[in-house]
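Quick notes on the structure that follows.
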Amino acid sequence: MDHEYFMRIAIEEAKKAYIKGEVPIGAVLVVKGEVIAKAHNLRELEQQVLNHAEILVIKEACEKIGFWRLDDSFLYSTVEPCVMCSGAIVQARVENVIYGASDSKNGCCGSKINLVNSGFFNHNANVISGVLAEECGLLMTNFFKELRKNKNSNEDRKCYKKI
C-alpha cells in the first residue's frame, strides 16, 4: 500500500478545511487500494462537534458499502485521531490507521493514550504514524498561527462564533 499517495489525498482534504476556516484535518478511507470515502473537518461551519474528518469518512464509507464493519480498511488522517475518532475506529473495526502529525494533547493512537490497539476492546487497529508528518504538521502550525494573528488584530475567523 502506498501510504504517501493516500496521505496526499488526505492532505488535499485538510487544505479544503483550512480554506473554510476549519482546523485543517483531512481523512481518507481505503479498501483494496480504492478510495471509498474522503472528508475534512466541518465542525465549525456546521456547528456540530461530531463533524471531525475521521467520523465523516467512516460514516460515508459505511453508507457506501452498506455495512458498519470496515474490515480490511485503511484510514488515513493528517493528524492523530482524538478519543472520539479513535472510539469510532474501534467500533467500525477499521483495520489500519495511518496518520501524519502526532497530537501530544489529544492523540489517542499512541501520543496521549493508545485507544485503538490497547487490548482492552474486542478490536485492535494497526497504527502507522509519521507519514508525511512534516507537511501535515505544517498545515496545523500555519493555521493556528494565522488564527492567533487574526484574533490579536481583532479580525474574526469566518466561521468561529463568539460566545
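Would you check which residues across segment 61-86 are of a type outside the set (A, V, I, L, M, F, W, C) and under 19 Å from Val23 (Cβ atoms) and list them?
Tyr76, Ser77, Thr78, Glu80, Pro81, Ser86, listed by residue number.
Any residue at all in segment 113-129 that is closer than 19 Å to Ala10 by Cα, open to solvent by 40 Å² or more (accessible area, probe 1.4 Å) and without any contact (Cβ under 8 Å) to a residue 40 or more places away in the chain?
Checked segment 113-129: at least one residue is closer than 19 Å to Ala10 by Cα, open to solvent by 40 Å² or more (accessible area, probe 1.4 Å) and without any contact (Cβ under 8 Å) to a residue 40 or more places away in the chain.
So which residues in segment 87-112 are open to solvent by 70 Å² or more (accessible area, probe 1.4 Å) and over 18 Å from Leu56 (Cβ atoms), if there are any at all?
Ser102, Ser104, Lys105, Lys112
Hey, any hits in segment 47-60 for a residue that's of a type in the set (Gly, Ala, Ser) and within 21 Å of Lys145 (Cβ to Cβ)?
Yes, because at least one residue in segment 47-60 is of a type in the set (Gly, Ala, Ser) and within 21 Å of Lys145 (Cβ to Cβ).
Could you please find all residues in segment 1-46 being in contact with a Phe, Trp or Tyr (Cβ under 8 Å, 6 or more places away or on another chain), surrounded by fewer than 24 Cβ atoms within 10 Å (Cβ to Cβ) and within 19 Å of Leu147 (Cα to Cα)?
Correct list: Tyr18, Gly21, Val23, Glu44.
For segment 59-84, which residues satisfy the criterion of being without any contact (Cβ under 8 Å) to a residue 40 or more places away in the chain and over 20 Å from Ser102 (Cα atoms)?
Lys59, Glu60, Ala61, Cys62, Glu63, Lys64, Ile65, Gly66, Phe67, Trp68, Arg69, Asp71
Given the criteria without any contact (Cβ under 8 Å) to a residue 40 or more places away in the chain, closer than 18 Å to Ile128 by Cβ and among the β-branched types (Val, Ile, Thr), does Val35 qualify?
Numbers: without any contact (Cβ under 8 Å) to a residue 40 or more places away in the chain: yes; closer than 18 Å to Ile128 by Cβ: yes; among the β-branched types (Val, Ile, Thr): yes.
Criteria met by Val35.
The values are calculated or read from the model by the stated rules, or taken from the named source; none is laboratory data. Note that the structure is predicted; figures quoted are calculated from it, not measured. Neighbour counts are summed over all protein chains in view; Cβ atoms, including those assigned to glycine, are modelled from backbone coordinates with ideal geometry. Heads up: the accessible areas ignore ligands, DNA and RNA and are worked out on the full protein's heavy atoms, side chains in. Shrake-Rupley method; radii C 1.70, N 1.55, O 1.52, S 1.80 Å.
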